[in-house]
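Chemist: I have a structure I would like to understand better, so I am pasting it below and will then ask my questions one at a time.
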Ligand code: DGL
């Protein structure tokens, strides 16, 4: 098999927060990031739409030479990953998501066995976090809350506005009111780590807030050690390539906020 870059897919910019950590922990590989900005958000769309859009983007990454694709998007991981893995994968191609790496280790953070999940409406309704956490840790109680305003706040660079404070405080209060004992909150959406400075203002002491980037990167590093045949199918040249289904210029500007460094992007049709 010809080796190729690792593909990183998200509905838009949010996956860059995960990609940043992956690239930090595994800088030796080539990567192609694909953001489906023309069709973002996925969080409010139907199962069928998220599945179709995700499949198109994953196959575009396969066409570009990727053998391994990471769905760095919670909504796509919740609604499309399982079906793609079971029905659509050509021989030698692999797709992984961001939910499992988080749910596997969440027991290491909670002492009360009460965990809150903050996510898009699509991820909450899919119940994927509840199902996956219960698979690994049946003793953990899971409380979920959708935060529909958080993605637009980040997308529109309104992180430090009064609106951000209002919605973040309201949503944190709501999830914490679901159970007194919640001691761990998972930011189960790729955009939410960008709101961390605001989130931390409204979190009472003693509550751990989990961002996924580092967990996903560590899990990928472990996966590549455990699957040498996949590791060998990943090319090593430290090249980063960025594609967006919308305007490349807009992507370059906003990507800096999410990725933490300037990047060059190209438009692509899927
Ligand atoms: N990337 C999505 C997620 O992690 C958030 C943005 C969207 O709704 O498409 O759920």
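The values are calculated or read from the model by the stated rules, or taken from the named source; none is laboratory data. Just so we're clear, the structure is a prediction, and the values are computed from it rather than from any experiment. Counting neighbours? That spans all protein chains shown, and the Cβs are built from the backbone with ideal geometry, glycine included.
Chemist: From the set of residues in region 87-146 that are within 22 Å of residue 22 (Cβ to Cβ) and assigned to a loop (DSSP other than H, G, I, E, B), which is farthest from the ligand (Cβ to nearest atom)?
Modeler: Ranking the candidates gives 92 first.
Chemist: To continue, here is another question. Can you work out which of the residues in region 30-55 that are within 12 Å of the ligand (Cβ to nearest atom) and assigned to a loop (DSSP other than H, G, I, E, B) is surrounded by the fewest Cβ atoms within 10 Å (Cβ to Cβ)?
Modeler: Among those that are within 12 Å of the ligand (Cβ to nearest atom) and assigned to a loop (DSSP other than H, G, I, E, B), it is 44.
Chemist: Same structure again: Tell me, yes or no, whether region 213-224 has at least one residue that is closer than 30 Å to residue 105 by Cα, touching a helix residue (DSSP H, G or I) at 6+ places or on another chain (Cβ under 6 Å), without any contact (Cβ under 8 Å) to a residue 24 or more places away in the chain and surrounded by fewer than 20 Cβ atoms within 10 Å (Cβ to Cβ).
Modeler: no
Chemist: Determine whether residue 27 is under 28 Å from residue 267 (Cβ atoms), part of a loop (DSSP other than H, G, I, E, B) and away from the ligand (no atom under 11 Å from the Cβ).
Modeler: Working: under 28 Å from residue 267 (Cβ atoms): yes; part of a loop (DSSP other than H, G, I, E, B): yes; away from the ligand (no atom under 11 Å from the Cβ): yes.
Yes, satisfied.
Chemist: Check off (1) away from the ligand (no atom under 16 Å from the Cβ); (2) closer than 22 Å to residue 69 by Cβ; (3) under 21 Å from the mean Cα position of the chain (by Cα) for residue 245 and give me the number that stays unchecked.
Modeler: Answer for residue 245: the failing condition is (1).
Chemist: Filter region 3-24 down to residues that are assigned to a loop (DSSP other than H, G, I, E, B) and crowded, with 21+ Cβ neighbours inside 10 Å, then give me how many there are.
Modeler: Quick first cut of region 3-24, residues assigned to a loop (DSSP other than H, G, I, E, B) only: 3, 5, 11-14.
With crowded, with 21+ Cβ neighbours inside 10 Å added as a condition, the list becomes 5, 11-14.
Counting residues in region 3-24 that are assigned to a loop (DSSP other than H, G, I, E, B) and crowded, with 21+ Cβ neighbours inside 10 Å gives 5.
Chemist: Counting only residues that are surrounded by fewer than 24 Cβ atoms within 10 Å (Cβ to Cβ) and touching a residue at least 40 places away in the same chain (Cβ under 8 Å), how many does region 114-128 have?
Modeler: Qualifying residue count for the region: 3.
Chemist: Right, here's the next one. With the structure loaded, tell me whether residue 121 is at pLDDT 95 or above and over 30 Å from residue 228 (Cβ atoms) or whether it fails that test.
Modeler: It is false that residue 121 is at pLDDT 95 or above and over 30 Å from residue 228 (Cβ atoms).
Chemist: For residues in region 56-79 being more than 23 Å from residue 145 (Cβ to Cβ) and assigned to a loop (DSSP other than H, G, I, E, B), which is nearest to the ligand (Cβ to nearest atom)? Reasoning before the result, please.
Modeler: Step one: filter region 56-79 for residues more than 23 Å from residue 145 (Cβ to Cβ), giving 56-70.
Restricting the remaining residues to those that are assigned to a loop (DSSP other than H, G, I, E, B) gives 64-67.
Working: 64: 20, 65: 24, 66: 19, 67: 23 Å.
Applying the filter and picking the extreme gives 66.
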